[in-house]
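Data first, discussion second: the structure below is written as structure tokens.
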Amino acid sequence: MFEVGAFRVGDGDRVVYQGGQIVPLPPKAVDVLIELLRNAGTVVRREALIEAVWPGTFVQESNLTQMIFLLRRALRNAPGSGRIATAPRRGYSFVGEVRSSRIESPIHAEVRPHNQLRFPAPSNSGLALCARAPAPDGPSVAVLPFADLSPSGDYEWLTDRLAEDILNAVSRAKGIRVAARTSSFRFKGHVADLVEIGRLLQVDVIVKGSLCAFSDRFRVTVHLVQVADGFSIWSEHLDRHVDDMNAAQDQISTGVLAALRDRFGIDLPRDRHGTPPASGRAYVHYVKGRFWWNRRDACSVRKAISCFAQATEDDPGSALAFSGMADAHSSLAYFGSEDPKPHAQQSREFARRAAAMTPDLPEVQGSLGLASWMALDVGGTVAHYRRAVELDQCHASALYQYGSVLGALRRIDEALECCDRALDIEPLLLPALTWRGMILHLGGHHEESVRQFRDALEFDPNLFRALVEQVFPLVALGRWREALDALSKAESLFGEHPRVLALRGNILGSQGERAAATALLARLNRLEERTFVSGFDRALVWLGLGDLERSMADLDRSYEQQYAWLLFAGTLPLLAPLRHHSWFLTLLGRLKLETA
């Protein structure tokens with residue numbers, strides 16, 4: 001047994017405890033933690049960790065990165081319990097006091113802590129980490145993530161979508177309870193007895209499935225397994241052309257619901273929420289588009305636009321595909337390397353087309369909200385995002401985007417709550433991780449903001465937004481060298497970008513290197529000959545040079561350019577020197593931030 005601050009980590013039962021209760025962590029995350037604790041104070045190479053935790057198995061390094069992220073999140077919630085440090089290009093080390101003892105596990109079978117939760121006895125598989133409170137009377141089901149059995153092994157984006165579609169369909173049925181996605185998806189890639197998983201999740205039925213895609217065909221297999229005895233009570237096997245993907249998905253969800261109805265007498269949902277494109281090929285393009293859009297750099301978003309455009313061509317009546325197009329153009333308007341006005345206009349047009357088809361989809365309301373943001377319409381943004389969350393309280397994208405708006409309105413606690421809810425639904429949603437970092441910075445929590453951005457970069461070291469936006473809290477903390485290093489890396493990866501040049505100019509100007517800062521203004525002038533440069537970015541350099549009048553003039557220019565970053569003017573710490581000037585208050589009044 002290892003003792004680390006408030007935590008106890010069982011080396012034998014491989015369970016993490018805090019205050020007498022089990023900490024919900026995936027089994028492999030616990031294995032990683034134990035290896036780090038055994039070697040506390042020294043760097044454990046990535047290769048050694050992977051071999052120790054996944055012996056004799058080929059796994060991608062991203063699996064280790066995900067486990068490190070989840071461990072850091074748990075440690076951060078218990079101050080004084082140490083931390084996991086990264087040794088660049090080498091591995092990880094545990095930093096903190098570690099005590100080894102022979103203390104027995106604090107939770108045993110049939111022991112009820114003060115909150116009356118009943119936990120099963122510790123299990124060698126580590127699955128006890130997912131135990132939860134016993135469910136109330138009535139049938140219950142858990143939908144596990146589908147397995148990707150394709151030869152290429154790169155269809156995770158589709159296998160997750162299939163499982164989520166079933167989960168959403170079952171969640172809308174009356175008379176049955178469904179295990180949360182965050183609970184059931186902890187078992188992704190876990191080889192374990194389904195009966196054991198069902199008992200740990202405390203459900204009556206497990207839905208499991210797999211997909212194998214090859215050439216232009218796919219095979220989907222789905223089973224319903226009764227937890228009481230492990231017998232299959234229903235199964236479906238489909239072998240279809242990719243054009244039939246959407247029809248096959250409908251057939252699978254309908255079959256699962258019908259089997260549950262026959263077994264438990266539940267009421268089937270009348271309408272499907274979030275109608276997908278009618279064409280299976282359009283659906284595949286739509287899902288791929290969302291995958292690329294979530295990366296949020298300009299190159300990836302252009303790939304997303306290509307996918308969404310193909311989806312709209314395959315199915316001109318797909319509200320989701322037009323919603324995706326709207327979101328992609330909004331993102332290009334936001335990045336600052338292209339003129340935002342035409343992209344904002346296209347975003348509004350695509351969002352309105354989607355709304356004309358199916359206005360009450362949360363995705364469509366979210367697109368309307370994002371389009372309103374790009375039009376500097378804060379009131380419309382708030383209204384549409386609020387509606388999106390009302391339509392689906394588990395819509396992760398709408399939640400974190402709503403949080404970003406609330407951050408601009410100084411409603412920091414509400415903004416963080418939205419991001420945390422989004423991350424509870426999808427713990428590895430990179431845009432939510434980066435927005436949470438910015439919201440923390442807007443609220444003055446700069447150290448935590450830096451850590452949040454670093455968490456996102458653990459998953460993708462080349463994530464543009466996290467790489468660049470971490471500079472804001474670093475500047476607030478006076479960590480100039482780290483900020484400049486981050487900007488150098490961003491420029492080496494993405495070339496000359498206005499925001500990268502602007503932030504470097506702000507830092508150098510504020511540090512008295514006026515000639516270097518002025519030279520960066522000249523580079524922005526030359527860059528403007530071939531790409532868009534916002535007045536907002538110029539204003540940052542003038543601000544670093546201490547020229548408040550020219551900084552304010554360029555902020556006025558960014559208003560005319562309809563540059564969405566201007567909506568952070570009231571909360572962004574870097575603009576604090578301007579806030580006591582009457583002309584800055586006039587600008588905030590034009591943005592109508594106080595009335596939203």
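The values are calculated or read from the model by the stated rules, or taken from the named source; none is laboratory data. Worth saying up front: this structure is predicted, and the values here are computed from it rather than measured. Heads up, the Cβs are rebuilt from the backbone with ideal geometry, glycines too, and the neighbour counts pull from every protein chain shown. Just so you know, the surface numbers come from the protein's heavy atoms only, side chains and all, with ligands and any DNA or RNA stripped out. Shrake-Rupley method; radii C 1.70, N 1.55, O 1.52, S 1.80 Å.
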Just to check I understand the Karplus step: with θ = phi - 60° and J = 6.51 cos²θ - 1.76 cosθ + 1.60, what whole-Hz values come out for segment 309-317, glycine and proline as x?
4, 5, 5, 5, 5, 5, 9, x, x
Would you mind calculating the gained length between residue 188 and residue 514 on full extension (0.36 nm times residue separation, minus the Cα-Cα distance), in nm to one decimal?
112.0 nm
Assuming 0.36 nm per residue, please report the length gained on full extension of the stretch residue 383 to residue 76 beyond their Cα-Cα distance.
107.1 nm
Any chance you could count the Lys pairs in the chain whose alpha carbons are under 24 Å apart, treating pairs 8 or more apart or on different chains as valid?
10
Full extension between residue 553 and residue 61 adds, at 0.36 nm per residue less the Cα distance, a length in nm of 172.3 nm
Based on the Cβ-Cβ distance of residue 480 and residue 424, what FRET efficiency does E = 1/(1 + (r/R0)^6) give at R0 = 41 Å, to the nearest 0.05?
0.70
Which one of 145, 438, 163 is farthest out on the positive end of the charge dipole of the chain, using unit charges on Cβ (Lys, Arg +1; Asp, Glu -1) and the Cα centre as origin?
438
Separation in nanometres of the label points that stand 7 Å from Cα toward Cβ, at residue 261 and residue 529:
6.9
Relative contact order of segment 448-596, defined on C-alpha pairs under 8 angstrom at six or more residues apart (%)
15
Find how many whole Å separate the alpha carbon centroid of segment 349-368 from the alpha carbon centroid of segment 403-443.
23
Simple SL model, points at 7 angstrom along Cα→Cβ for residue 149 and residue 390; separation in nm is 4.5
Might you report the magnitude of the Cβ-based charge dipole of the chain about its Cα centre, with Lys and Arg at +1 and Asp and Glu at -1, to the nearest 20 debye?
920
Between residue 83 and residue 580, how high is the FRET efficiency from 1/(1 + (r/R0)^6) when r is the Cβ-Cβ distance and R₀ = 41 Å? Nearest 0.05.
0.60
Between residue 338 and residue 52, what's the calculated FRET efficiency when r is the beta-carbon distance and R0 is 45 Å? Round to 0.05.
0.45
Output needed for segment 431-582: three equivalent-ellipsoid semi-axes, defined as square roots of 5 times the C-alpha gyration tensor eigenvalues, in descending order, whole Å.
23, 18, 15
In whole percent, what relative contact order does the chain give with Cα contacts below 8 Å and a gap of six or more residues?
8
Can you tell me how segment 495-596 classifies by the Cα gyration tensor, rounded, prolate or oblate, using a/c under 1.5 as the rounded cut?
oblate
For the chain, rounded, prolate or oblate, judged on the Cα gyration tensor with a ≥ b ≥ c (square roots of eigenvalues), a/c < 1.5 rounded, else prolate if a/b > b/c?
oblate
Just the number, please: carbon plus sulfur as a percent of the accessible area of segment 314-423, 1.4 Å probe, no ligands or DNA/RNA counted.
47
Other-chain or far-sequence residues with amide H under 5 Å of residue 204's (modelled H)
140, 141
Computed, not fitted: 222 nm per-residue ellipticity of the chain from DSSP H runs ≥ 4 (each -39500 (n - 2.57)), nearest 500, equal to -17000 deg cm²/dmol
Yeah, segment 318-422 with a ≥ b ≥ c from its alpha-carbon gyration tensor (a/c under 1.5 is rounded, else prolate when a/b outruns b/c, oblate otherwise) is oblate
Two-site label geometry, residue 195 and residue 254: point separation in nm, points 7 Å out along Cα→Cβ:
3.5
